Structure formats: C-alpha cells, structure tokens
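Data first, discussion second: the structure below is written as structure tokens.
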Amino acid sequence: MNRYSVFSVARNAMNYNKDWERAWRSPNPKAEYDAVIIGAGGHGLATAYYLAKEHKMTNIAVIEKGWLGGGNTGRNTTIIRSNYLQEPSIAIYELSRSLYEGLSQELNYNMMFSPRGLMMLCQTEHELRALKRTWHANRHAGLDCRMISPKEVKEICPIINDDPNARYPILGAYYQPRGGTGRHDAVAWGYARGADAMGVDIIQNCAVTGIRREGGKVVGVETERGYIKTKRVGVVAAGHTSVVMQMAGVNMPIESVCLQALVSEPIKPVIDCVVMANTVHGYMSQSDKGELVIGGGADSYNNYSQRGSFPALEHTVTALVETFPIISRLRMLRLWGGIVDMTGDRSPILSGTDVEGLYVNCGWGTGGFKAIPGSGFVFADTIANGRPHPIAEPFSLNRFAEGRLIDESVAAAVAH
Amino acid sequence: MSGKPYRLSDAGRLIDRSKRVSFTFDGKTVSGFAGDTVASAVMASGQRVMGRSFKYHRPRGVVGLGSEEMNALIGVGKAERHEPNLLATKVEIFDGLSAVSQNRWPSLNHDIGAINNVLGRFFSAGFYYKTFMWPQAFWKHVYEPFIRQAAGLGKAPTGRDPDVYEQVHVHCDVLIAGAGAAGLAAAEAAAASGLRVIIADENPRLGGLCDIGGGLIDGASPLEWAKTRAAALAAADNVQVLTRTTVAGHFEDNYVLMFERVGDHDPSITAAGTPRHRLWKVRAGQIIIAAGAIERPIAFANNDRPGVMLASAARGLAARYGTAAGVNGVVFTNNDDAYRTALMLKSMGVGVARIIDSRTNPESALIDQAKAAGLDISFGSSIAGVMTSKGGKQIDGIKMSPYNRGRVTNETKVDCDFVAVSGGWNPAVHLWCHNGGKIKFDHELQTYRPDRSPDGLLIAGAANGTFDVPGALAEGYAAGEQAVALLKGKAGKIAKASATQEAQAKLEPIWFAPATGAYNEGDKHFIDQQNDVVASGLELAQREGYESVEHTKRYTTLGMATDQGKTSNILGLGVVAEATGKTIPEIGTTTFRPPYTTVSFGSIAGAHVRDRFLPVRRTAIHDWHVANGADFEPVGQWRRPYCYPKAGEDRHKAVTREILAVRNKVGLLDASTLGKIEIKGPDAGEFLDRMYTNTFSTLKEGRCRYGLMANEMGFLMDDGVTVRVGPEHFIMHTTSGGADRIAGWLEEWLQTEWPDLKVFVTPVTEQWAQFAVAGPNARKVLEKLSGDIDFSAEAFPFMTMKTGTLAGMSVRAYRISFSGELSYEIGVPANQGRALWDAILEAGAAFGIEVYGTEALHVLRAEKGFIIIGDETDNTVTAIDVGLEGLVSKKKRDFIGKRSMEQSFLKMDGRKQLVGLLTEDPNYVLPDGAHALEDATGKPPQKTLGHVTSTYMSPSIGRSIAMALIFNGRARMGETLSFSLDGKVVKAKVVEPVFYDKEGARQNV
Ligand SMILES: Cc1cc2nc3c(=O)[nH]c(=O)nc-3n(C[C@H](O)[C@H](O)[C@H](O)COP(=O)(O)OP(=O)(O)OC[C@H]3O[C@@H](n4cnc5c(N)ncnc54)[C@H](O)[C@@H]3O)c2cc1C
C-alpha cells in the first residue's frame, strides 16, 4: 500500500498522478477462508479490518452483493454522537466515537471526522426532562456533554428559529461538543483499503445466496461466484440481515423499513453544528461541500425497495423550515433512501447464534454509521475468540427471548 | 448585428423589443427586453463570464438553454428574498431584478480562489482523502473551515421568507410530462376522449424544441402547429395546462410531484399575495413522459471556457432571444443536428468559421445544405484545444486536428470567439427511472433509452430516443390513445397532423477529443463542469480501484452538482468506457433520483408554516384560558395551561396556590385533552380484555376501572379510566399525549390481527369537553347546580359514572380522582363546554373554587404516588415495576404483553422499581432525571442505581418529594441514596411512593 500524505500527493501531481496504486484489489474468491464476512458495508469492512489487525486473521473475505459501501453506509447522514441513554449503548457508541477521533490517521485515509458539535433541541417540558435524564446518565459515564440554554443554542446556531412563541419553542438543548459528522464513503473506503492491504479479500458484485450448515455448524457459503468453505461466518447485511440469516435457518427479530434523507444545493456555510429536533422529527447539518444534509423519520411500512414515501420527507422538511426559516428559499437537490434494520428496542445485535460459527451484527437501524469503528472492533473480537466481547455482550440475540431489552427509543424519537 | 454587438437585429421570437427591461448583474445595470432571460440579456450585453466553478474557480459562461445549465448559476433577489443557485438560462427578467454571480471573491473578474486552478494537479480526484490528516487537530480547526468557506455556491437568504407557498392535491386521468411535439400530440389524443388531462412543461411556453428542432408539420414550421395545439388545449375544459411547472418526481402508485414557479418571473404576482411556488401532488391514472432529450457535449481540452456551449443553446439563444453566442463561431459535432445550428446562425448573420465533424465521410441532406450554404466543413477532425486570452475569459480560437483517437498529430488553428458543440442527445429518462423503471443502452444513439417500467409508464418522442418530428408525433398520438384505452375511456376523433423531416446521417460516438501532448497531461477535459470533474480524474478513479460507477461518481463527484449530471453522466460513462476498454453498458449507470430539477423547501412545507405548522389544538375553554392569563405549555399537539399566575405571582407561586386550593377548597381543571375513545360492539369487553393488562369484560354498567395498557414487549404504554356505559358500550380514557396513538393502536389490532371481533373504535376526544372538579368542596359545588344527578356519597360512589343533566346540559359524570381528593369529572358536548365551565365557576365561587393547570395536576398526583406514563415509564417499565402488579390479570387467557411479561428478565428480582425519595434537606428539590450513584464521591465512570422520574416541592406536605426508578428499589426502603449534583453529594431516603393521605381517606367521602 502506498502511503497517502501531502508529499505523496505532491510527488504524484508532478507526475500527472500516474503512479497511484489501487486502493484495493479485485480478487477472485478462494475456495476456503478462515472466516467470511457477508456484507461490505462499514460494519462488515471494519470487522474484517480488526480481524486482520487485532487478531491476525488475514485469510478472510468480505463478500458483497453490490459495491462496497453501497448500502446504508453510503446513504446515511453521517451523524456521530455517543450521548445515548442506556449504559451498554454509551459504552459502544463512545468507544466508536473515540475511535473516530483518530481514524483518519489510523487508516491513512482522511474520513473527515468533524467534531463540530451536536445539539438535541428540547422543545417541550417533557423533552427537556427526558434529555436532562440522559445528560445525568452520560455525565456519570464520563461523557463530555452539557445542557445549554436557548441563548447558547442561538449563539452556536444563529439560523435557528428562537421565537419564544414558535409552535414548539426552544427551551434549551442537550449538547455534545465532540459529536459531529464524517465522510461516509471514506469510512468504507478507508477500512476497505486498510483490510485489503493486510490481505483481506474484498469480493464485490457477488451476492451470498446460501449458507451451508452441517448439523449445528456452519461449513460454508454459496455465492454467485461459487461455493466458499469456511467455519466462521459473520453476517453484517443491515436491512437484508433477515433474508441472509434465513439462509442459515435463523429467524431475526428485525423489521426492514426505508429511511430517507435529502440534501439541498450547496451554499456557503450557514450552520456549523448538527441540530436534531426530535419533537418535530427532523435534523440538519451542512456538509463540507455546502449541502444542507437533512433527515427525519423512517417510513412506517416494511419495504426493501430503497425508495421511500414522499409524505415522510415532507413532514421532515416542513419541520425544518419551521426550525430554520431561512431554508425556505433554498432547494432540495437530491433525495434517497436506505433500508434500515429495526429491532424492537432500537439497539443493535452483536451476537453469536445457536448455529456454531455463525455470528450476526445488525439492528443498527437508523443510527449505525456512528458505530462502525466500535462495532467492527468488538465484533471482530467476538468472532476471533468465539465468545462475546464484554461491550458486545449485552447486545446478544438472546435478549429478545429474555426481555433484556436496551431501549433507546426513549431517548430520542429520531435515533441517528 | 445591431445595437449591442451580440443582439441580432431580426431574430428573437420571444423578446418584445418595444419593452425595455432593466436589471442589475453584480450591481451593473443591464438592459434587456421583455421575454429575455438573465442569460440571454447578459450575453447580449457582451458579457460572457457568468460564474466560477466549484473547485478550481475557473471563469464560466452559459452552456445550455434551460435546465441542463451547470455553469451560469446566479443569486437573485435581496436579503430575505435572496435565492441562490438559480440558472441564468431559466430566470426571466423583470424591471428591478437584482442578480449576482456566485462563488467568487472579491469579484467575478478577479477571484482569489482561481489559484486552485494553478494548483489543479495537486487537487486531483479524491486528493482530499489522501491528505489534510496531519496534525490530527488541524482538520477541525484549519483545513475543514478553509474548505467549507471555499466550497458552497451561492449564499443563503438572510431572514425569514416573506413569500407564501401552497400545495395542490389533484387526481387526473392522464398526466403528460413535457409539451414538445410528442407531449402536445399525446395531450390532443388523450383530451379528445374527454378524460381529465394535465399537461405540464417546465418552460414558460409550450412547444419544446418545435421552434429549433427542424422538420415540418403539416408543411409548416412545427412552431405554428405547436401554437395552435397549445391554444386548443388551453381552451379545452378537461385539460389543465401548466407552464413553468416541472414534473419533478414519480413515486409509488403514480404519485407525481410537480413544482410550479408561479411568481418568480413577475414580482407583482407575489406582491398580490399569490403563492410564489406551488407544489402539485398528483395521482394520475396514466402517465405519459414526453420530457424530451438533453444534448451532451464532447470533452476537449479546456472545453469549459466561456463561449463553449451546446449547439442547441447557441441556436436557441439566437432564435428565441436574438442573442448571438459570439461574432464568429466553430461548430464541433459528431451528428447532424448541430448542422442546424451552423445553418441557422449563418442565416442570421453570425459567422461560422468552421464545422468540425468527427465523422469521416457522413452524407445527408443537412450536410448538403451546409455545403450549399458555403460553410467550411472539416470531417474526421476534432478540437484539440482552445486558445484564450484575458485569463481564460475570452476565446480567440481553437486548435483543430485530425480525429484518430490517439495522439494529436498536426494542428490547425481556427480563429473564433465561440464554440457550439454537440455530442448527440440523451433521452430525459429521469422520471422513467424514479420509481424503478429500467433503461437499456442503444448503440445507434450511443445512449440509454427506456426499457421496462414496473408502473406501466408510457413514453414518447425524444424522451424515448425518437428524435425526429414525424416519429415524435406518431409516438405522442399513440401514447395518448394507449392511455385512453388503458383507462377504458372512449377514444375521440382527432385530425392527426403529418410531419416530415430530412433523413440524418448516423451519429458516431466521440467522448473525448485528445489534446496536444501525452494523454491526460496538462490541459483539462471537463466532464462535469460545475464540480470540475475532469476526464483524467475519471481515469484515475478507475486505476485506483473505484471502478463501480457509484464509486467513480462518489470519488470524483461526477454528476453530483446542482444539475445532477444532466449533461455529464453519459459523457462520463463514455470517457470511463474508453479509458478502461469496456463498453458503456458494462459500466452500468447510477440511479436517477427525484427531483428532476430542484424544488424549493418552501413549496414542500407549503402552507404549513408559522401558525399552520402543526396547528395547535384548542379545547372549548381555550379563549377563557387566554383571557384569564394562562401560562401555556405544549402537550402533544395541544397547548394546555401550565398554571394561571395572578398579578405578582411567578409560576411556582401560582402552582402552589392552585394545589392548596384543591387540597383545602375546590379546584377546576380543563381536562378536555384527555383522550376519549368510544368502544362499541358485542365484542367490546373481549377486545378491552386483550388490550389492557386487567379485565374489563366483567365490569358492571355504570362502573369505572383504571386500566393499564402494555405493548407487545410487556412495557407500559398508556393508562386511564375506562367506563362501561352499556352492555356493548365502553368509554376509554387515554393520556392526552397518547390519544391519537392509542386510537391507531386499537385499530391496528382490530384490523390486522382480530378482524373477527365485532367492535367499533371511535375517537371522540374533541367531541367532549371534560372538567375535573376536585377538592373537599367538589360535591357542594356540583349540588348547587341544577340537575337530576344525585352527587351524594351513597348514590354516587367512587369509581362510578352517571348520565343526567347539570345546569341544563346533558352530561356524563364520573367519580374518579387523579388528585386523591373528592373529585368528579364532568363531560359535556364540546359546544356546551364553555357554558358548563362558566356555570361551575359561578357555583363554585362561594366555595372558593380556583382553576388549576397541568403542573398543579402533576404535583397533586405525585403527592399521591400516581404514575404518569412517559414520566414514571419509558418503554422499559412494566406494571410490576411501578407496583401495580394487582392490575395484571392472572386469569385472562391472553392480553397484549402477557407473553413478554413471562420472560425471565421481566420477572426477575432487582429490576428498577418505583419508589419515593425524600431528600435530607426538605427544601432541596432533586433535579429532573438525576441518577443515584453507588459511590457519589468518586469520579466518572460511576455506577448508577436508577433515576428520578418526577420531582417537586410539595405544598401539601411542605417539603420536597420525588419518585424514582431504582434497582431493587422496593427492597431498599429506608436506605439512603446518594447523588452527585453540582459538585456536592445530596442524600435522599427511599420511601413508599405515596406522600399524602396514604389511606386514601380523602377521596372516599
Ligand atoms: C437515510 C439514512 C440516514 C442515516 N443517518 C445516520 C446518521 O446520521 N448517523 C448514523 O450513525 N447512522 C445513520 N444511518 C444508519 C447507518 O447508515 C447504518 O446503521 C449503517 O450504515 C449500517 O452499516 P452496515 O455496514 O451495517 O450496513 P450497510 O452499509 O447497509 O451494509 C450491508 C451490506 O450488506 C450487503 N448485502 C446484503 N445482502 C447481501 C448478500 N446476500 N450477499 C452479500 N452482501 C449482501 C449489502 O449490499 C450492503 O452493502 C442512516 C441510514 C439511512 C438509510
């Protein structure tokens, strides 16, 4: 792998950029691997990266139906935060957030982690009380977060509608100064390049069509490019997890729905933080390119089409026009959707299964971009050692049978 | 040429030379004519540079004729009316219009950012992923702020939008997108059936390219035919003609979004209060896409210089606005259509120095005409470079060389000041694809054409890849007829026009014209001009492994500019194909997503702004609350009085007074927001048994019962009192915030899981006004009112209900209590609510009645240890956790949540349980959500034991009280818990969560 740096950019520029190497190879699948990861989204790629790096498992493959990073990893609005309510959630999201801090350097790929600050508005007394509770939980966990006054909200985000007579006036906000955004594609690409350099085969355009078991054990996967033997399989297929797990005869407690997002045309900077307005169901930030990045609630019906309904978007935009009145004259440039994997408690599943050698990482729903590094880290550890990493342990598949739910729907109606 | 050097004297069918219009561009006054666009007027004034590009800040001019424009982006209007990123080719001018160029500093002519162009090699595709990483903190503090400032295009407006927007919801039988030849023919055929037809076009007039597309209809210019058709459609009762209206998106079930720019072209329209934009939401029986095609350029070195434009744009500007692209131009093409540009320009007196045709020896009528007109043609040639002066702002000529796909051999210079280029046309398949329509590559046209549509969309004309007028007409008529047939309408008779057009020679693909020097060194070939995506960047992306089109797109930003790749997508695919030796279909395409062109957020919000954004729901007593100084808080969609401060009182004092009034005298609460749902039918009891954790089928008529509702996971989701009013009739009360959700929840179960149950569910929250009369004097107040209800303790015991008359109104009276006092709730039809309210107040005056708000209500119930769903519960709390296991039926066969409540974790000991807390310092009120800690003196991370759910200063017992969910709380009675708050350790004792009148004596009188 040739290292990226200012100097390599300059040196290559002098040579008309002719000497850059491939960021990753395009290998043919081998007949057998020590482990196969299904799904080259951020979570799958990060899992492979840490398997190779931390556990020296380099004879592994990531099998991807389409192009790497083309699922939700390349479709999300890139909010990164760790101010979740429940202790297990705080642990994994904060591990992730802190890994993001140094990820560009770790991967030698600029994924543009931008901790510009993130605020969750309080627009009813009830929301204010609920977020205070989250704040207390977070501060005891050691997170750097604080409640801020309406005046501070306005200072940090001058375009916000601070009219005290607004429909839902701003009573304050819960602020995580080192929350922010990142560049989604670069996260996938950086992990892919890093994993590839250590010998991981990333096989794109190759759907997994079956999972072969013998007795209670996994023995291999069927793919569009043939059968691959392996004793360990990690399924990391987001919205399609239920479909893939069914191939191994495992039913998943997951519903797949479409979540949409949209961007405006690029404009000069107007908002330098992420604002989430959960009472009215919308959030907004501005990308480095200048586009306002907007998202909101998911569709309420199950769907695999990656095309959402307009009413859901309309609801979001209407809320944000009221929250940031200057956007009224700006324009929607592009909208899209992703199929998100929703669990009943809005928390992920990072778990082994009753089938030996079969592991699953899913259920990140509307909010798993922020979790990619941490999830990959603990999931790799879980697969490599055949037992749950302590941070992954509470997120077992079994919890749904036991009722040991980790409910995050409490904390934010829109969980990103 | 006359007047201004670039305004042609006898061309410009759309401008009215008798009406001068003056406006400003970057502060300079520009004079144009009514009918001009900013692009046509500014160009006619001799100015060519209209903007700067995104990354390299290169000077850019107009390229297109309409919505395909990617360079001439301007900001229009001032301050809170400013609108950035509009296309100068679409903005119609009016007196006083103010337009500015964008993305340049300090000015369009002298832009510091242009230094990026000099450094262009360093800014190769994706370079930012490879650098800006050291030192770590610099990204946030140095690099990113710099990049953010440099990026972005126009500026946002400065204040709240003063204009209004609206939405229209309509159904139609046939919707036609695009009113060119094909669309007009389709509309005529469809309209003749009498069905309801909508035809929409993004341009101010119908006709599409009928004016400049060539061919003849009924022996005359297609424009004449288009005008007659447009007039006929406008006159037809069953046809709605919409101009300046873009069909922006197609969704599931033929749901279509149309974006109409109602008042942008004429400020007097919006000044009169008419909406500026209108968003149409259409459900169409059949949709015919007749959206035409978009010309694509050919990439050659420095093809972004101001003055290089699409051949159709050069032709259209001249024909429509009399604006010449320059004095002497070169036409560069691989197809016949651009010959029309050369011929037309020549006929208007614009110099055409050369037609450069990459094809070797094409033969056709148009080529013959060009030869006959004396035009110089160089076949088998291409443009190898553009010579400029004034910092690239002016074209002096081009370098031409034989086209042989390899190195440039010998160059000829041709003087010119503009270039009209055509690489062929791409059907506008966007709408076709929005909802999953498939496209296929057509080798003849070297572009994608519609293939299959899951929605059965119809498509006609250039949008279908049929570029000739006779073909477009035929397809248009056929599509119109087919739509009628599919809708089982009656085909009408029409006199179909007949069209002719000369045969054309075949197009030969050329995507990339080599430049002087080695391949890809030096000069830039622009593919996506706005985003400064160059051919070498696309090629680099392939070499680096970003081979999937989506990777290429994202790595280079191809097609992601404000034009969404209208001119660059296919061109980019062509360049990638050439660079990798693959075919275009092997490479694939990216997804076409709505909207086709941008849609204002204002129109998406429509009228739902300010007061109409989620309208406030008001009870029948709302005006009284306002008149009596209520301090409101939002509760769900309602706004409820939090308290009623009197002169000199703050919130806290008012709440205290209200609470004491209820405890000592009598209080009146407007409880109308409480959810009320009528449940009727033979299976009503059974249904309620399934919905609630406790039993209702056994409830006697006239009896009330408090019920708990759990979700499938076994956690509490709502509570309230339900009453049986008849054998098959119950009234359910829900929480105020939960009313709509619960009504939906009941319906969901009835409709999807238990359709066999005979039950009707009718939400009636708004039909009833309901008040609580609570306090020791409650009975006296009600007895003072006339009526036939016996309120005595014997006749009207606790948890019963009666109907009767009170103060001359028929009411439902419930003896229930959420305050622990003697209390009745009286329901009356909402239209009589105010009368009853006034009557109760009047009767109560003698007994010291006071109104109380939500906060007093909350404190009163907390003093009694009653839970509030959403405060004491949070979707993780069971009935057992809050100490209400008595309300979980052990006998019932099933109810929602039963299975989950059997799960080990829900049954286990030591869960968080509801307790009361009394702080050591009785004046200290614990903060909301505070967490008790195992060790409050330590440092984070600290282990927490649970959290405060409700916390108040209790006037009734004269000290602070709190409720909390604490791990194993019930076993900790009497223990002291510690909190770390504001740097201090605060201690509180765990107690039963009932703080006042533990025996419940007060309500049983
Ligand atoms: C609109 C939107 C906005 C969002 N906003 C945020 C946000 O702001 N912050 C945040 O933290 N999260 C956000 N999310 C959620 C986040 O995107 C996801 O949780 C996260 O990207 C999931 O990553 P993943 O790797 O698990 O899944 P994906 O990236 O979806 O990867 C799964 C991969 O599995 C592949 N696959 C599926 N089936 C097969 C098969 N049979 N064989 C082989 N491969 C297969 C898929 O092709 C896909 O590439 C958002 C999501 C959406 C849709």
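The values are calculated or read from the model by the stated rules, or taken from the named source; none is laboratory data. Worth saying up front: this structure is predicted, and the values here are computed from it rather than measured. A quick note on method: Cβ atoms are made from the backbone with ideal geometry, for glycine too, and the neighbour counts reach across all protein chains shown. Surface accessibility is based on the protein's heavy atoms, side chains included, excluding ligands, DNA and RNA. Shrake-Rupley method; radii C 1.70, N 1.55, O 1.52, S 1.80 Å.
Details
- Search result, residues across region B:296-332 that are buried (at least 24 other Cβ atoms within 10 Å of the Cβ) and assigned to a strand (DSSP E or B): B:Ala299, B:Ala301, B:Val308, B:Met309, B:Leu310, B:Thr323, B:Gly329, B:Val330, B:Val331, B:Phe332
- Failed condition for B:Gln542, given (1) within 12 Å of another protein chain (Cβ to nearest Cβ); (2) touching a Phe, Trp or Tyr at 6+ places or on another chain (Cβ under 9 Å): (2)
- Residues of region B:977-990 include none that is touching a residue at least 40 places away in the same chain (Cβ under 8 Å) and not in a strand (DSSP E or B).
- Residues that are over 22 Å from A:Gly338 (Cβ atoms) and either within 12 Å of the ligand (Cβ to nearest atom) or among the small types (Gly, Ala, Ser) (or both) were ranked within region A:226-246; the one that is surrounded by the fewest Cβ atoms within 10 Å (Cβ to Cβ) is A:Gly226.
- Pair list, Cβ < 9 Å and 6+ apart or interchain, from region B:118-130 residues that are not assigned by TED's automatic domain parsing to the domain that holds B:Glu539 to residues that are acidic (Asp, Glu) and open to solvent by less than 10 Å² (accessible area, probe 1.4 Å): B:Gly120/B:Asp532; B:Phe123/B:Asp532; B:Ala125/B:Glu544; B:Gly126/B:Glu544; B:Tyr129/A:Asp185
- Wholly within region B:748-818, strands (runs of 3 or more DSSP E) carrying at least 2 residues that are in the same structural domain as B:Gln832 (by TED's automatic domain parsing), without any contact (Cβ under 8 Å) to a residue 40 or more places away in the chain and open to solvent by less than 60 Å² (accessible area, probe 1.4 Å): B:801-806, B:809-814
- Any chance A:Gly210 is within 14 Å of chain B (Cβ to nearest Cβ) and either within 16 Å of the ligand (Cβ to nearest atom) or open to solvent by 60 Å² or more (accessible area, probe 1.4 Å) (or both): no
- Filter result (facing chain A (nearest Cβ under 8 Å) and either surrounded by fewer than 18 Cβ atoms within 10 Å (Cβ to Cβ) or assigned to a helix (DSSP H, G or I) (or both)) within region B:132-154: B:Trp134, B:Gln136, B:Trp139, B:Lys140, B:Glu144, B:Ile147, B:Arg148, B:Gln149
- Residue in region A:155-167 that is farthest from the other protein chains (Cβ to nearest Cβ), counting only those that are open to solvent by 20 Å² or more (accessible area, probe 1.4 Å) and within 27 Å of A:Asp144 (Cβ to Cβ): A:Glu155
- Under the condition of being within 8 Å of the ligand (Cβ to nearest atom), under 18 Å from the mean Cα position of the chain (by Cα) and outside any helix (DSSP H, G or I), the residues counted in region A:41-65 number 2.
- Boolean, B:Glu863 is of a type in the set (Asp, Glu), away from every other protein chain (no Cβ under 11 Å) and closer than 19 Å to B:Leu708 by Cα: no
- Any chance B:Met901 is touching a residue at least 24 places away in the same chain (Cβ under 8 Å), more than 10 Å from chain A (Cβ to nearest Cβ) and of a type outside the set (S, T, N, Q): no
- A:Pro29 under 30 Å from B:Gln942 (Cβ atoms) and either in a strand (DSSP E or B) or more than 11 Å from chain B (Cβ to nearest Cβ) (or both): no
- Checking B:Thr29 against (1) more than 14 Å from chain A (Cβ to nearest Cβ); (2) touching a helix residue (DSSP H, G or I) at 6+ places or on another chain (Cβ under 8 Å); (3) on the phi < 0 side of the Ramachandran plot, the condition it does not meet: (2)
- For region A:183-193, residues that are open to solvent by less than 10 Å² (accessible area, probe 1.4 Å) and either away from the ligand (no atom under 12 Å from the Cβ) or more than 10 Å from chain B (Cβ to nearest Cβ) (or both) total 6.
- In region A:289-306, the residues that are over 19 Å from the mean Cα position of the chain (by Cα) and open to solvent by 30 Å² or more (accessible area, probe 1.4 Å): A:Lys289, A:Ser300, A:Tyr301, A:Asn302, A:Ser305
- Which listed residue is in contact (Cβ under 8 Å) with a residue 24 or more places away in the chain, aliphatic (A, V, I, L, M), open to solvent by 20 Å² or more (accessible area, probe 1.4 Å) and more than 23 Å from A:Asp163 (Cα to Cα), from A:Met332, A:Met342: A:Met342
- Failed criterion for A:Asn2 (all others in (1) within 15 Å of the ligand (Cβ to nearest atom); (2) more than 14 Å from the chain's Cα centre (by Cα); (3) open to solvent by 10 Å² or more (accessible area, probe 1.4 Å) hold): (1)
- None of B:Ala513, B:Ala561, B:Ala579, B:Ala541 is small (Gly, Ala, Ser), under 29 Å from A:Asp196 (Cα atoms) and buried (at least 24 other Cβ atoms within 10 Å of the Cβ) except B:Ala541.
- Residue pairs meeting the criteria (Cβ under 8 Å; at least 6 apart or on separate chains; first assigned by TED's automatic domain parsing to the domain that holds B:Tyr824 and at positive phi, in region B:669-686; second open to solvent by less than 20 Å² (accessible area, probe 1.4 Å) and not in a loop (DSSP other than H, G, I, E, B)): B:Gly681/B:Phe687
- The set of residues in region B:262-281 being crowded, with 21+ Cβ neighbours inside 10 Å and not in a loop (DSSP other than H, G, I, E, B) consists of B:His277, B:Arg278, B:Leu279, B:Trp280.
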